[in-house]
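Before anything else, here's the structure in question.
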Amino acid sequence: MVSEFELPEDIIDRKVRNMKMISPSNREVDIHLENRNEYIGMCRREVLDSFLRNRAASLGATLINGLVQNIDTGVNRQGPYVLNYSDYSSGSLTGELKSLEVDLIIGADGANSRVAKAMDAGDYNMAIAFQERIRLPQEEMSYYEDLAEMYVGSDVSPDFYAWVFPKYDHVAVGTGTMQKNQSLIKGLQKAIRTRASKRLLLGEVIKVEAHPIPEHPRPRRVVGRMALVGDAAGYVTKSSGEGIYFAAKSGRMCAEQVVESSVQGQRIPSEADLKKYLKKWDKTYGPTYKVLEILQNIFYSNDPAREAFVEMCSDMDVQRLTFDSYLYKRVVAMNPWQQLKLTFRTLASILRGQALAPSGYEPINSVVRSEQEMNHLLEQSLQERASLNKSGQRSESEATAQEKARVLSRT
Ligand SMILES: Cc1cc2nc3c(=O)[nH]c(=O)nc-3n(C[C@H](O)[C@H](O)[C@H](O)COP(=O)(O)OP(=O)(O)OC[C@H]3O[C@@H](n4cnc5c(N)ncnc54)[C@H](O)[C@@H]3O)c2cc1C
């Protein structure tokens with residue numbers, strides 16, 4: 001995405017080249033990207049989104065700071081299309097009601113899309129991504145300098161995985177679950193914090209976020225002269241839960257189709273024109289979505305399968321395949337010998353996974369840090385607080401230390 005969308009380097013907070021996969025029994029597999037040009041880019045959405053928005057404006061787009069309330073779509077949803085929205089441009093808190101008539105609409109308005117509703121696009125199953133942004137002291141952040149952690153296990157996610165991803169000056173710690181398991185989220189989040197506790201020791205929660213993630217495309221993605229892209233369309237991949245690249249890419253593909261079909265702005269593209277974007281999209285990414293769906297169904301189904309998944313990730317061939325599809329957004333074709341080898345390895349790992357998976361699963365603390373080191377850190381933090389109390393200062397750092405202790409007791 002960085003090169004394809006010509007994103008400047010300073011958009012990326014961290015370049016992750018190390019990935020730790022942690023199995024239900026806390027077996028750890030380290031994956032390392034050797035090539036300096038390859039990395040998983042970690043960014044903050046507020047920074048990325050603002051950059052993209054400003055660039056669109058500098059290239060001629062008119063930005064409106066508004067919230068679309070509803071859309072008139074005309075007879076049989078064939079137009080004319082009128083967006084009714086609250087305009088916040090003047091800085092008023094309530095917004096000013098306004099309308100805008102447009103020739104066509106690209107709905108890039110996320111999982112709760114109003115455009116999808118207006119065009120009767122149909123529903124999709126949803127997963128929920130829940131995460132806490134936890135600020136760590138600088139020394140502690142250095143551990144996550146270029147490392148992301150992915151935890152699997154029914155304790156942290158019955159459906160997907162849980163994560164610790166490094167961001168600018170904090171880590172995002174979260175879990176993904178199907179909507180049907182929504183009631184478990186609190187316990188699952190507690191479990192991921194417990195598993196990663198040795199590294200989150202002095203953490204301070206600075207933000208809590210939860211958002212739906214579509215599980216598959218909507219039944220209708222183009223109706224009349226209205227098209228959906230990104231989460232509004234349902235383009236998050238299974239297995240990895242990745243949607244940012246696919247949102248950007250589908251937006252671009254759809255826009256390119258509009259440009260092409262409008263013949264330099266001389267005609268308004270029709271429903272049939274917009275559907276050409278869908279055809280190109282499905283042809284390009286259909287196989288990727290399918291393969292990731294199959295992987296999800298096999299490897300996230302139970303703890304033995306999750307053990308097998310982590311074990312397989314220690315294999316260099318599997319690592320290369322996984323990373324190629326993750327970094328370059330394509331399913332890499334294997335030669336028959338590789339396929340055969342992989343099939344045997346999968347079967348063997350699944351069989352071994354049965355033995356490795358903990359029965360009556362209990363979360364086990366991550367083994368990445370010694371008790372001695374942890375006690376030392378805690379002692380340091382307590383001493384810092386004690387000396388602040390002594391000097392009678394009610395300073396910012398004291399408040400922070402108290403917050404850390406509170407977080408600690410919660411973890
Ligand atoms: C906790 C969490 C972690 C995630 N982690 C990753 C990750 O590591 N990698 C990855 O690739 N994906 C990740 N995803 C998925 C990713 O965030 C989405 O797939 C992606 O943001 C989709 O982009 P989008 O532009 O389609 O929708 P969104 O990012 O949801 O953007 C929709 C935009 O439309 C605006 N909008 C909505 N309704 C209206 C309205 N009525 N009027 C005006 N504007 C409106 C919103 O304000 C927003 O700006 C994560 C999701 C969550 C929830």
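Anything in the stretch 229-240 that is buried (at least 18 other Cβ atoms within 10 Å of the Cβ) and of a type outside the set (A, V, I, L, M)? List them, or say none.
Residues satisfying the conditions are G230, D231, G234, Y235, T237, K238, S239.
Considering only the stretch 69-107, state which residues are within 14 Å of the ligand (Cβ to nearest atom) and small (G, A, S).
S86, S89, G95, S99, G107
Is it fair to say G110 is within 24 Å of V208 (Cβ to Cβ), buried (at least 18 other Cβ atoms within 10 Å of the Cβ) and near the ligand (Cβ under 10 Å from one of its atoms)?
So G110 fails the test.
Exactly one condition in (1) within 11 Å of the ligand (Cβ to nearest atom); (2) modelled with pLDDT of 95 or more is not met by A210; state its number.
For A210, the failing item is (2).
Please give the number of the condition L67 fails out of (1) in contact with a Phe, Trp or Tyr (Cβ under 7 Å, 6 or more places away or on another chain); (2) of a type in the set (A, V, I, L, M, F, W, C); (3) touching a residue at least 40 places away in the same chain (Cβ under 8 Å).
Exception for L67: condition (3).
Among residues belonging to the stretch 243-269 that are of a type in the set (G, A, S) and surrounded by 16 or more Cβ atoms within 10 Å (Cβ to Cβ), point out the one that is nearest to the chain's Cα centre (by Cα).
Selected residue: G243.
Here's another thing I want to ask about it. Has the stretch 227-235 got at least one residue that is over 28 Å from I298 (Cα atoms) and more than 7 Å from the ligand (Cβ to nearest atom)?
Yes, some residue in the stretch 227-235 is over 28 Å from I298 (Cα atoms) and more than 7 Å from the ligand (Cβ to nearest atom).
Also, quick follow-up: What do you reckon, is A118 over 18 Å from the mean Cα position of the chain (by Cα) and not polar (S, T, N, Q)?
In short, yes.
Please go through the stretch 31-40 and give me each residue that is surrounded by fewer than 18 Cβ atoms within 10 Å (Cβ to Cβ) and touching a residue at least 40 places away in the same chain (Cβ under 8 Å), ordered by number.
Hits for the stretch 31-40 are E38, Y39.
When you check I268 against the structure, is it out of contact with any Phe, Trp or Tyr (no Cβ under 8 Å at 6 or more places or on another chain) and within 16 Å of the ligand (Cβ to nearest atom), yes or no?
no
Now for a separate question. Right, G224: of a type outside the set (A, V, I, L, M, F, W, C), surrounded by 18 or more Cβ atoms within 10 Å (Cβ to Cβ), more than 12 Å from the ligand (Cβ to nearest atom) and over 18 Å from F165 (Cβ atoms) or not?
Yes; evaluated as a whole, the condition is true for this residue.
Among the residues of the stretch 5-30, write down those that are without any contact (Cβ under 8 Å) to a residue 40 or more places away in the chain and charged (D, E, K, R).
Answer for the stretch 5-30, where residues must be without any contact (Cβ under 8 Å) to a residue 40 or more places away in the chain and charged (D, E, K, R): E6, E9, D10, D30.
The values are calculated or read from the model by the stated rules, or taken from the named source; none is laboratory data. Keep in mind that what you see is a predicted model, and the values were worked out from it rather than measured. All Cβ positions, glycine included, derive from the backbone under ideal geometry; neighbour counts span all protein chains shown.
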